[in-house]
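The values are calculated or read from the model by the stated rules, or taken from the named source; none is laboratory data. All values derive from a computational prediction rather than experimental measurement. Every residue, glycine among them, receives a Cβ derived from its backbone with ideal geometry; neighbour counts consider all protein chains shown.
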Amino acid sequence: MQIFKQKKYLQKHLRTITKGKSIGFVATMGSLHSGHLSLINSSKSICCITVCSIFINPTQFNNFNDYKNYPKDYNNDISLLKNIACDILYIPQVIDIYEEKIESRKYNLGKVAENLEGKYRPGHFDGVATVVEKLFDIVNPNIAFFGEKDLQQLQVVKKLVSITNRKLDIVGVKTTREPNGLAKSSRNKLLSKEHIKEASIIFKCLEYCKFNMHLSIKKLKLYIKNQFLLNQNVQLEYIEFVELNTFDKIKEWGGEKTNAVCIAAYINNVRLIDNIIL
Ligand code: PAF
């Protein structure tokens, strides 16, 4: 695996090796786990060259402490990527991405960026779109892979690609889970074994919705809110039912696989999000 810290060297290298070969791209913030590796493997299965980036993007955090405390494990990340034979790793410093101005561009991403994460993390999606667009400019991939765990982000990135008229396919990859159902996330590294056990309530509630779609959305919401009230160690921030592509909130079920239920919750001050497509 070749490692680049500066875009000018990465781009020079890509120009020499890609000629006619497809590039698959996986953007990450590091602290890699099996969920990231499944993105890399998806890319490797259909693209000639797979590029992974590790960059903790300051503009997508709403809170400086969250940014500073974001888990980092660069040596382990590099050995995981080498083990699965990722071709190229781009691991820049902030200056290589943002140059002199560390700020988000303002996008017109529309409604898909307004509800749920858009509401609870103002500016977050402008930060994500800014860095993703910069990374796309640098790597110029044919296909980019994003996890369904961050389902709203996946839809926002699709919207970004469409409003910027970029010739690029975005592929969503299924969520990888712990044995108890908890979605794999770099933030899980901030949780103890006990917290991980308790956090399984999130997946249990999502599955409850999946298996009880004969009930109304209103009833399901009430049931889930009560489950969280009974479990004082995990604080529910939101439970929402949305239309999959637009992230419009729904009150009635749409057709099969056109809805999603999304949860955000805190455990030990660590914010976790998860969803299931219904
Ligand atoms: O999902 C993430 O890890 C980040 O939001 C991303 C897409 C790498 C942008 O910083």
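Would you call Lys159 in a helix (DSSP H, G or I), free of Cβ contacts under 8 Å to residues at least 24 places away in the same chain and not polar (S, T, N, Q)?
no
Taking the conditions exactly as written (among the β-branched types (Val, Ile, Thr), crowded, with 18+ Cβ neighbours inside 10 Å and out of contact with any helix residue (DSSP H, G or I) (no Cβ under 6 Å at 6 or more places or on another chain)), does Ile163 satisfy them or not? Spell out the reasoning first.
Details: among the β-branched types (Val, Ile, Thr): yes; crowded, with 18+ Cβ neighbours inside 10 Å: no; out of contact with any helix residue (DSSP H, G or I) (no Cβ under 6 Å at 6 or more places or on another chain): yes.
No.
Which of the following residues is over 27 Å from Gln2 (Cβ atoms), surrounded by fewer than 19 Cβ atoms within 10 Å (Cβ to Cβ), away from the ligand (no atom under 12 Å from the Cβ) and modelled with pLDDT of 95 or more: Glu100, Glu114?
Glu114
If I filter segment 122-142 for residues that are part of a helix (DSSP H, G or I) and over 19 Å from Lys158 (Cα atoms), do I get at least one hit?
no
Within segment 17-45, count every residue that is surrounded by fewer than 21 Cβ atoms within 10 Å (Cβ to Cβ) and more than 13 Å from the ligand (Cβ to nearest atom).
Looking only at that region, the number is 13.
Gly181: at pLDDT 95 or above, under 23 Å from Tyr90 (Cα atoms) and touching a Leu at 6+ places or on another chain (Cβ under 9 Å), yes or no?
Values: at pLDDT 95 or above: yes; under 23 Å from Tyr90 (Cα atoms): no; touching a Leu at 6+ places or on another chain (Cβ under 9 Å): yes.
No.
Which condition breaks for Val128 when tested against (1) in contact with a helix residue (DSSP H, G or I) (Cβ under 9 Å, 6 or more places away or on another chain); (2) surrounded by fewer than 17 Cβ atoms within 10 Å (Cβ to Cβ)?
Exception for Val128: condition (2).
Which one of these is touching a Lys or Arg at 6+ places or on another chain (Cβ under 9 Å) and over 25 Å from Met29 (Cβ atoms): Ile201, Ile217, Ile224, Ile277?
Only one candidate passes the filter, namely Ile217.
Residue-by-condition table, conditions (1) at positive phi; (2) away from the ligand (no atom under 16 Å from the Cβ); (3) not hydroxyl-bearing (Ser, Thr, Tyr):
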{"position": "Phe4", "(1), (2), (3)": "no, yes, yes"}
{"position": "Cys47", "(1), (2), (3)": "no, yes, yes"}
{"position": "Val51", "(1), (2), (3)": "no, no, yes"}
{"position": "Ile56", "(1), (2), (3)": "no, no, yes"}
{"position": "Tyr67", "(1), (2), (3)": "no, no, no"}
{"position": "Asp77", "(1), (2), (3)": "no, no, yes"}
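Pairs, please: C-beta under 9 Å, at least 6 apart or cross-chain, first residue in a strand (DSSP E or B) and in segment 217-238, second of a type in the set (Lys, Arg)?
Close Cβ pairs satisfying both conditions: Leu236/Lys225; Glu237/Arg271; Tyr238/Lys119.
Which ones in segment 266-276 are closer than 20 Å to Lys219 by Cβ and not polar (S, T, N, Q)?
Residues of segment 266-276 closer than 20 Å to Lys219 by Cβ: 275-276.
Result: Ile276, single match.
Restricting to segment 121-150, name every residue that is in contact with a strand residue (DSSP E or B) (Cβ under 6 Å, 6 or more places away or on another chain) and away from the ligand (no atom under 11 Å from the Cβ).
Val139, Pro141, Asn142, Ile143, Glu148
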